[in-house]
Amino acid sequence: MHITTDSGRRNDTNLGARLQQAAPGTGFALIPASLAASAAAEWAMVRTPAGRRLVVAPAPGRTEPLLAEFEGEKSEAGGFPLLVAPLTARNAAALRRHLPWLAPRPLPVGTSAGFGDRLGLATSGHVLALRAVGGAIAPVFAQQSIREMTRTGRSPQAVIDDATWGSFEAGWRDVQGADADHLKTADDATACARAGFTWFTIDPGEHVDGRADAGDPAGLRAAWEALPWDRLEDSAASMLARLAGRVFEIEGHRVSLDEGALAKAAVKYGRAVAHVTAMYRHLCAVKGDQPFDLEVSVDETDTPTTHAEHIFVASELRRLGVRWVSLAPRFVGRFEKGVDYIGDIAALDADIRVHAAIARVFGPYKISLHSGSDKFSIYEMAAAHTRGVVHLKTAGTSYLEALRAVAQVAPDLFRAIYVFARERYDQDRASYHVSASVAEAPEPARVADAGLPALLEDFHVRQILHVTFGSVLTAGRSDGSLTYADPLRSILQAHPDVYEDCLERHFVRHLRPFAGR
Ligand SMILES: [Zn+2]
C-alpha cells in the first residue's frame, strides 16, 4: 500500500507533499481538497481501509500540546511527526478551534439553503453542488429536527460533527449555519444550543388553533376570550384598539385586518406567538451574548397562512421583542415530501408575492420554503418574489440520493430496502404530508437490477422511501448490528464518488434558480 493523491487537483502544502513521499505501508489516500494550514499545524483528511482519519502535522514545537488536545496515534511521514486521529467528537471540537471557519455561525441576510443529511455522509456532495452553481448561497449543512434525530438514532452533537468532518473534507471555508429544525420544547432547544447549533427553527404548530377556520362565531368568540393574554403581555381591549380595522399597505397590496379577520388571526396564531416568544427568550438566556438565527415555521399546519395572519404574527412577535431571520408560512397548495409542488401555480405565485412583500416590510427576513426538495416548478418564482431573501430547506432527499447511489452499485441491498420500505409505509406515513400508495408503486420482483436507479424517479417510490427512513436506518438484528444502515454506510463510504455525483446532480437543479441573485 502507498499514499495516493488525486493528481488532477492542486496540492501545494508541505503535508500533502510529505504524505505523497512517505514510506509505503500507511495505506492512506489523501483527500486533497481537505488540506489546510494554521499556526499550529497542517491538516488533512485521508481515507484508510478502516475509514476516514484526520492527519495532523504539527508545526515545530507544537507536537506535545496537539497530542494532548487530540486523541489518536502518533505516526510519521518523511521523517516528520504526524498524528493520525479518528473522527470523534473530541477531535471535531478541537479541529473547530484550530480551523474556526468550520464552526457554524449565524448567516447573512440573503439566499441560504439547508441540506438535511440523515446519514451524516452528504456534506462533501453538497459542497460540490454549491461550487458548481457558484452563487452566493449560504449553506446549512447540519440540519435535523429532533424527530429525525430520534428516528435515526443520532444526537445533536453527532449531526454537528458529521457536518464538520464533511466540510473539512471538502475544503469548505465560507460561512455555514447549523439548523436545529422544528424545535418544539425548551429542553430540545437547550440541547441543540449546547451542541453548537446556531439556527433555531421554532415550530409552534401544536399551538396553532384550527378552530379559527371552523366558521363557528360562538366558538371563535369563546376562543378569543380564552387567549393567553398574560403571556401575550396584552389584553383583548388593547389588541382591538391596536389592530382592529387597520389597513396595511404592503408594497401596493392592501391587506385589511377588520375585527373579524383579527379575531380569526389571533385565535389561530395567538398561542403560537406566545410559544415562539417564550422559546426565543429561553434561547437568549441559553446563548447569552452569542448571536443566533431564529426561524418561525408554521408550514406543517392544516390550513394556509393568510396574508392578514402573517401580518398579525409578524407585528405581534415584533411587539414582544422577538428577533427572527426567517419565517415559513403554510402556503396554498401542497408541499409534499420529495415531489414537485401540487396545486395551482398561479395561486401560489400570488400567495408568495405578498408573503415576500410582508417579509420585507416587517423585516426584512427570509421566506423559508420547507419541504423544499424537488419543487422545481416554483423555484424561479420564489427567488424572484423574495428578491433572494429566501431560505430553501430540503430534509430527506440526500437520503434518497444515497439510495440512488446504492441502486447503482449494490442492487441487492437497494432491493431489500425497497421491499422493507413498502411494508413500513402505511404506518410510517402518519406524520408526513404524502399521498403515494404502495399499490401504485412498481413491485420489486418486476424490476430488473438495471431498472432500479430509475425507481428514484417514480412519485410513489420516492415518497415510500422518503418517509420510511427511520424504520430502515434503525432496523436491527439481535446481535446489535443494523440490517440496512450498516451496509448502506459502508457502501457509501466505499463509493464516495458515486454518492457525491448523485448529490451534485440533484442539488445543482435545486440551487441554480437561486444562484446569482
Ligand atoms: Zn418544515
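Any read-out appearing in this document is the output of simple, stated calculations on the displayed coordinates, not a laboratory observation. Note that the structure is predicted; figures quoted are calculated from it, not measured. Note that we place each Cβ from the backbone using ideal geometry, even for glycine, and neighbour counts take in every protein chain shown.
Based on the mean of other beta carbon atoms within 10 Å per residue, what is the order of 98-106, 422-430, 262-270, most packed first? Kindly include the intermediate steps, with their values, before the conclusion.
Values: 98-106: 17.2, 422-430: 15.6, 262-270: 25.0.
Highest-to-lowest ranking by the protection proxy: 262-270, 98-106, 422-430.
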message: How large is log10 of I(q)/I(0) for segment 170-322 at q = 0.16, 0.19, 0.20, 0.21 Å⁻¹ when the intensity is taken from the Debye formula with one equal scatterer per alpha-carbon?
response: -0.91, -1.16, -1.23, -1.31
- request: Show the residues, 5+ positions off or on another chain, whose built amide H is closer than 5 Å to the amide H of A113.
  value: A138, V140, L392
- line: For segment 129-135, Karplus-derived ³J(HN,Hα) couplings (6.51, -1.76, 1.60; θ = phi - 60°; whole Hz; x for glycine and proline) come out as 5, 4, 5, 5, 8, x, x
query: In terms of modelled amide H atoms, which long-range or inter-chain residues lie less than 5 Å from the amide H of R118?
result: Y399
- request: Please provide three numbers in whole Å: the alpha-carbon extents of segment 394-517 along the principal axes, with the largest listed first.
  value: 51, 34, 29
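To two decimal places, what compactness ratio does segment 358-465 give when its Cα radius of gyration is scaled by 2.2 N^0.38 Å?
Working: Rg = 17.4 Å, N = 108, 2.2 N^0.38 = 13.0 Å.
In units of the 2.2 N^0.38 Å rule of thumb, it is 1.34.
Counting only helical runs of four or more DSSP H residues, what would the 222 nm mean residue ellipticity of the chain come to if each run contributes -39,500 (n - 2.57) and the total is spread over all its residues? Intermediate values should be presented prior to the final figure.
Numbers: 19 runs with 224 residues, N = 517.
After summing the helix terms and dividing by residue count, I get -13500 deg cm²/dmol.
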- line: Of 86-97, 120-131, ordering from highest average Cβ density within 10 Å down gives 120-131, 86-97
message: Cut-off is 10 Å between beta-carbons; in what order do E380, E401 appear when sorted fewest neighbours first?
response: E380, E401
- line: Computed on Cα atoms, the radius of gyration and Dmax of segment 133-254 in angstrom are 21.0, 61
task: Please list the non-local residues whose amide H lies under 5 Å from the amide H of S75, H modeled 1.01 Å from N, same-chain partners needing a gap of 5 or more.
output: L82, L83, V84
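In units of 2.2 N^0.38 Å, what is the alpha-carbon radius of gyration of segment 189-266? Spell out each step's value before the answer.
Numbers: Rg = 16.6 Å, N = 78, 2.2 N^0.38 = 11.5 Å.
Segment 189-266 yields a ratio of 1.44.
Which of the GluC sites (Glu not before Pro) found in segment 249-315 are loop residues per DSSP with 11 or fewer other Cβ atoms within 10 Å of their Cβ?
Working: sites: E249, E251, E259, E295, E300, E309; in loops: E251, E300.
Here the sparse-neighbourhood loop sites are E251.
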query: For V419 and R505, what is the calculated FRET efficiency with R₀ set at 22 Å and r taken between the beta-carbons, to the nearest 0.05?
result: 0.25
Largest-first ellipsoid semi-axes for segment 127-198, taking √(5λ) over the Cα gyration tensor eigenvalues, angstrom: 24, 12, 11
task: Treating each Cα of segment 267-373 as an identical point scatterer and ignoring solvent, apply the Debye formula and state log10 I(q)/I(0) at q = 0.15, 0.18, 0.19 Å⁻¹.
output: -0.65, -0.90, -0.99
Spherically averaged projected area of segment 17-95 from its Cα convex hull (nm²): 4.9 nm²
3J(HN,Hα) from dihedral phi, segment 246-254, Karplus parametrisation 6.51/-1.76/1.60, rounded to Hz, x for glycine, proline: 6, 10, 9, 8, 10, 6, x, 8, 9
message: Once each part is reduced to its C-alpha centroid, what is the distance from segment 286-311 to segment 169-210 in angstrom?
response: 12 Å
More than 45 Å apart - percent of Cα-Cα pairs taken over the chain: 18 percent
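List the pairs from K287/K366; K264/K375; K184/K264; K287/K337 whose alpha-carbon separation is above 26 Å, in the order I gave them. Mind showing how you got there, number by number?
Values: K287/K366 22 Å; K264/K375 30 Å; K184/K264 23 Å; K287/K337 32 Å.
Long pairs (Cα-Cα over 26 Å): K264/K375; K287/K337.
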Projected label distance in nm at H495 and A68, using a 7 Å step from Cα toward the beta-carbon: 4.7 nm
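Working from the alpha-carbon coordinates of segment 300-342, get Rg over Rh, Rh being the Kirkwood radius. Mind showing how you got there, number by number?
Details: Rg = 12.8 Å, Rh = 12.0 Å.
Reported Rg/Rh, Kirkwood definition of Rh: 1.07.
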field: Estimated vicinal HN-Hα couplings, Hz - segment 60-70 in sequence order (Karplus 6.51, -1.76, 1.60; Gly, Pro = x)
entry: x, x, 9, 4, 5, x, 5, 5, 6, 7, 9
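Give the Kirkwood hydrodynamic radius (Å, one decimal) of segment 44-189, defined as one over the mean of 1/r across all pairs of different Cα atoms.
Details: mean 1/r = 0.0608 Å⁻¹.
For segment 44-189, inverting the mean 1/r across all distinct Cα pairs yields 16.4 Å.
I need the peptides 211-219, 192-200, 41-49, 344-352 ranked by packing, meaning the mean over residues of other C-beta atoms within 10 angstrom, with the highest value on top. All intermediate terms of the calculation are to be shown ahead of the outcome.
Details: 211-219: 12.7, 192-200: 23.3, 41-49: 19.9, 344-352: 15.6.
Ranking, from highest mean packing down: 192-200, 41-49, 344-352, 211-219.
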statement: Of the candidates A421, G372, L320, the farthest towards the positive dipole end of the chain (Lys/Arg Cβ +1, Asp/Glu Cβ -1, centred on the Cα centre) is L320
- request: Report the dimensions of segment 453-517 along its three principal axes from the alpha-carbon atoms, largest first, rounded to Å.
  value: 52, 28, 23
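Excluding A94 itself, what net charge comes from residues whose Cβ is under 10 Å from its Cβ, given Lys and Arg +1 and Asp and Glu -1?
+1
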